[in-house]
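Here's the structure, in structure tokens; my notes come after.
The values are calculated or read from the model by the stated rules, or taken from the named source; none is laboratory data. Given the structure is predicted, the values throughout are model-derived calculations rather than measurements. Cβ placement follows ideal geometry from the backbone for every residue including glycine, while neighbour counts extend to all protein chains displayed.
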Amino acid sequence: MRIPEDVRKDIPLTSEVIYFDNTATSLTPKPVVEAMNEYYLKYRANVHRGVHRLSQMATHKYEESRKVVADFINAKFEEIVFTKNTSESLNLVALGLEHLFKKGDKIVTTPYEHHSDLLPWQRLAKKKGLRLEFIEGDNKGNLDLDNAEKKIKGAKLVAVQHVSNALGVIHEVEELGRMAKEEGAVFVVDAAQSAGHMEVDVRKLHADFLGFSGHKGPMGPTGIGVLYVNEEVFDMFEPPLIGGGTIEDVWLENYRLAEPPERFEAGTPNIGGAIGLATGIRYIKRIGIEKIERQEHKLVKRITEGLDELEVPWYGPRDMEKHAGVVSFNVPPLHPHDVAAVLDEHGIMVRSGHHCALPVMKKLGINGTVRASFHVYNSSEEVETFLGVMEELVKNLGG
Ligand SMILES: Cc1ncc(COP(=O)(O)O)c(C=O)c1O
């Protein structure tokens with residue numbers, strides 16, 4: 001596949017706008033929409049429930065999708081639980097492990113987490129009287145790994161993001177996972193911004209739990225997410241939701257749970273969503289994850305150089321090896337929303353605000369940023385157009 005030309009042909013919106021809001025959600029290639037249409041129009045039925053042919057077909061496609069997801073992150077079939085998004089995946093972990101914690105136990109995370117990988121731990125800590133501690137790091141998002149080693153000592157759970165949606169920094173998840181495992185702590189990874197943009201291998205990362213959303217990097221639909229549960233923690237993870245589909249047998253006063261993954265998926269799942277997600281993953285595999293990473297890397301390098309030339313301050317690590325395809329910046333004294341509105345007038349879609357990472361904004365002493373974020377279908381020409389608009393904006397401010 002030619003990058004980005006061939007991918008752009010599959011995504012009609014790329015010819016209408018410059019879409020630089022991929023951190024929030026990505027655009028959808030036609031094959032993903034077609035696969036979901038096929039489910040709704042040709043074999044629309046529930047899964048795991050019927051012997052009729054439509055139900056058999058839907059079940060087959062749904063479970064086949066689970067296999068595609070498992071292979072994508074080097075997990076086993078039964079370790080994949082479909083959820084609705086990363087936020088739900090991480091909440092489920094906090095709820096399902098609640099029974100393990102006793103007063104004074106320690107949870108460790110970072111100051112850079114998205115609210116979805118912070119609030120569930122805050123709530124758990126408040127409820128059970130736990131200590132919630134944060135690995136130290138600088139204003140660019142770089143973690144102090146010596147401090148991490150100290151903080152992780154004696155921790156019962158460590159939760160970290162792979163990539164920051166606010167600063168674009170790629171964290172040393174593999175190393176943090178190794179530290180967590182040495183301490184016997186449960187290791188949870190928020191892969192919302194890495195899955196589909198770079199390699200995510202649950203074994204290499206030492207993950208016990210890992211969550212991601214279908215609608216971001218994997219180019220799937222909204223409303224479908226993944227929770228990876230390492231088979232070694234099946235027994236300690238209490239299904240937070242139970243009912244239809246989660247059982248092997250039921251009596252009036254008792255029940256016996258089904259084996260994973262069924263025991264973790266209560267009720268009718270998002271069947272069309274799972275099929276769409278698997279199609280998105282197959283699409284990404286066809287492009288090649290290295291090519292995606294290379295394209296985003298090229299764009300982020302150019303955009304940050306361009307912003308430097310314009311003396312527009314941007315956040316996150318200067319070391320481009322540690323910087324994913326996400327750039328946060330500001331054009332003082334303009335409010336981030338005003339900058340985003342100007343860019344929108346030129347057909348450029350960026351995000352502005354606190355990016356669901358208010359503690360990061362507070363650490364930096366700002367109320368928000370403008371954020372441009374890429375996927376493989378973004379082009380060098382788009383980045384040049386963006387920089388041209390920014391040049392005008394900065395010039396006008398000076399005048
Ligand atoms: C790092 C990170 N974690 C979690 C989430 C939550 O993802 P979702 O809204 O799909 O649940 C996001 C969304 O932007 C994110 O960037």
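Observations on the model:
- Pairs where the first residue, in the range 155-168, is within 9 Å of Val186 (Cβ to Cβ) and the second is near the ligand (Cβ under 8 Å from one of its atoms) and among the charged types (D, E, K, R), C-beta under 9 Å, 6+ apart: Ala159/Glu113; Ala159/Asp117; Ala159/Asp190
Per-residue answers, yes or no, for (1) within 25 Å of Lys362 (Cα to Cα); (2) more than 16 Å from the chain's Cα centre (by Cα):
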site: Ser89; (1), (2): no, no
site: Glu113; (1), (2): yes, no
site: Glu133; (1), (2): yes, yes
site: Ala148; (1), (2): yes, yes
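- Residue ID - farthest from Val394 (Cα to Cα), chosen from residues in the range 314-345 that are in a strand (DSSP E or B) and touching a Gly at 6+ places or on another chain (Cβ under 8 Å): His323
- The range 112-128 residues that are without any contact (Cβ under 8 Å) to a residue 60 or more places away in the chain and more than 23 Å from Val163 (Cα to Cα), paired with ones that are assigned to a helix (DSSP H, G or I) and more than 9 Å from the ligand (Cβ to nearest atom) (beta carbon under 6 Å, 6 or more apart): Leu124/Ala94
- Any chance Asp105 is in contact with an Asp or Glu (Cβ under 6 Å, 6 or more places away or on another chain) and in contact (Cβ under 8 Å) with a residue 12 or more places away in the chain: no
- Test result for Arg178, closer than 22 Å to Ala70 by Cβ, surrounded by fewer than 24 Cβ atoms within 10 Å (Cβ to Cβ) and not assigned by TED's automatic domain parsing to the domain that holds Ile366: no
- Within the range 275-313, considering residues that are of a type in the set (Asp, Glu) and assigned to a helix (DSSP H, G or I), the one surrounded by the most Cβ atoms within 10 Å (Cβ to Cβ): Glu296
- Residue check, Gly245 farther than 28 Å from Gly168 by Cβ, touching a residue at least 24 places away in the same chain (Cβ under 8 Å) and either out of contact with any strand residue (DSSP E or B) (no Cβ under 8 Å at 6 or more places or on another chain) or outside the structural domain of Asp144 (by TED's automatic domain parsing) (or both): yes
- Number of residues in the range 355-372 that are within 16 Å of the ligand (Cβ to nearest atom) and assigned to a loop (DSSP other than H, G, I, E, B) equals 4.
- Qualifying positions in the range 373-388 - buried (at least 17 other Cβ atoms within 10 Å of the Cβ), outside any loop (DSSP other than H, G, I, E, B) and over 22 Å from the mean Cα position of the chain (by Cα): Glu382, Val383, Phe386, Leu387
- Looking across the range 71-88, just one residue is more than 8 Å from the ligand (Cβ to nearest atom) and among the hydroxyl-bearing types (Ser, Thr, Tyr), and that is Thr83.
- Selection status of Asn46, out of contact with any Leu (no Cβ under 8 Å at 6 or more places or on another chain), more than 21 Å from Asp235 (Cα to Cα) and within 16 Å of the ligand (Cβ to nearest atom): no
- Filter pass, Ile170 being within 13 Å of the ligand (Cβ to nearest atom) and among the β-branched types (Val, Ile, Thr): yes
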